[in-house]
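Undergrad: One structure, pasted below without further comment.
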Amino acid sequence: MGCLTRVLAQNHPRVAAGAVCLCDTPGMQLQNILFSQGFGTRRVCAGLVQQGFVQVYPSAEATEPELVTDSALELEPEGLRFRVSGVEWEYFEKAYVALHKPAGTECSQKPSTYPSIYTLLPSPLRLRPQKGAVQGVQAVGRLDQDTTGLLLLTDDGQFIHKMSSPRHHVPKVYEIVCCHEVTSQQVQRLLDGVVLDDDPKPVRAAACEVAGDHLLHLTLTEGKYHQVKRMLAAVGNRVEGLHRSRIGGLDLRGLAPGEWCWLREADLELLKPLPASKA
């Protein structure tokens, strides 16, 4: 049993039982865990530990973390909770995040006019190491600067590719404030399909519901450029306000504009595509 584990085991029996994050079995060095989570280079992460800025929760049930100063201490990373310079964190091999995008922000690392959505995220999420030139989590698709609502971000390239694939028909619900009163004829045309100027194939709404004289709830399974605005224009209306409220079975979970949260396995299960017959 390692030194730190022996000390903790005196106060936390579950450590000795091997049912907690701290263990003697081969795992990851604490400095490498911090590096993988975006807390800086390995040297910086080692310094954070050695200088007393890192505390580790000794068990899943623990309410207070323990100070750790051995940067080479091997820990089981799965489920590990820790505190770095007073910031609470949890280990995730891959980061999956939901953000409530506010208006007046751009989904770009190099915004041209408005602040980037990435400034709304804590530094570790922006600095998680990647093999490519761009570090940190990336947005899964984009929302226009004036569009608000649910945005997914991750550092899982396969997940981004799958969610962005035209064959992956995950329904997305948009709440639209229209310039003109919505008519039943416009709703029917959106359901039947409209032709956009860059594709002769009609694009159809999976669902379309009038929620008020100027309010429309539109469900799409594709992600063409400015699709909602172009579809409304094609039926003789215009988008005055646009908000994405749901992706698959996942909603904003009460997040205020600018807030984010982790997505766990159960959340990812909600991001299922429609059956092929309905897509």
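Undergrad: Scan GLY141, GLY136, GLY104 and give me the residue that is out of contact with any Cys (no Cβ under 6 Å at 6 or more places or on another chain) and either of a type in the set (Asp, Glu) or at pLDDT below 95 (or both).
TA: Of GLY141, GLY136, GLY104, the one residue that is out of contact with any Cys (no Cβ under 6 Å at 6 or more places or on another chain) and either of a type in the set (Asp, Glu) or at pLDDT below 95 (or both) is GLY141.
Undergrad: I need the full set of residues from region 187-242 which are charged (D, E, K, R) and assigned to a strand (DSSP E or B), in order please. Explain how you work it out, then say what you get.
TA: So in region 187-242, the residues charged (D, E, K, R) come out as 189, 192, 197-199, 201, 204, 209, 213, 222, 224, 229-230, 238, 240.
Within region 187-242, ASP199, LYS201, GLU209, GLU240 meet the criteria.
Undergrad: Another question, then. I'm trying to understand the selection: among the residues of region 56-66, which are in contact with a Cys (Cβ under 8 Å, 6 or more places away or on another chain) and in a loop (DSSP other than H, G, I, E, B)?
TA: TYR57, PRO58, SER59, ALA60
Undergrad: Of everything in region 119-135 that's farther than 17 Å from VAL44 by Cα and of a type in the set (Gly, Ala, Ser), which residue is surrounded by the fewest Cβ atoms within 10 Å (Cβ to Cβ)?
TA: Once the filter is applied, the top-ranked residue is ALA133.
Undergrad: Given GLY258, GLY248, which one is surrounded by fewer than 16 Cβ atoms within 10 Å (Cβ to Cβ) and in contact with a Pro (Cβ under 7 Å, 6 or more places away or on another chain)?
TA: GLY258
Undergrad: So, in region 30-55, how many residues would count as being more than 15 Å from PHE92 (Cα to Cα) and not in a helix (DSSP H, G or I)?
TA: The total comes to 7.
Undergrad: Considering region 143-162 alone, what residues qualify as being more than 12 Å from the chain's Cα centre (by Cα), over 17 Å from LYS229 (Cα atoms) and surrounded by 15 or more Cβ atoms within 10 Å (Cβ to Cβ)?
TA: Result: LYS162, single match.
Undergrad: Okay, moving on. Do you know which residues across region 112-142 are in a loop (DSSP other than H, G, I, E, B), within 26 Å of SER165 (Cβ to Cβ) and over 12 Å from the mean Cα position of the chain (by Cα)?
TA: We begin by selecting, within region 112-142, every residue in a loop (DSSP other than H, G, I, E, B); these are 112-115, 121-122, 128-137, 140-142.
If we keep only those that are within 26 Å of SER165 (Cβ to Cβ) too, we end up with 121, 128-137, 140-142.
ARG128, PRO129, GLN130, LYS131, GLY132, ALA133, VAL134, GLN135, ARG142, listed by residue number.
Undergrad: Can you pull out the residues in region 92-102 that are closer than 16 Å to TRP260 by Cβ, out of contact with any Phe, Trp or Tyr (no Cβ under 8 Å at 6 or more places or on another chain) and assigned to a loop (DSSP other than H, G, I, E, B)?
TA: Correct list: PRO102 only.
The values are calculated or read from the model by the stated rules, or taken from the named source; none is laboratory data. Please read these numbers as outputs of a predicted model, since none were measured by experiment. Positions of Cβ are backbone-derived with ideal geometry, glycine not excepted, and every protein chain shown enters the neighbour counts.
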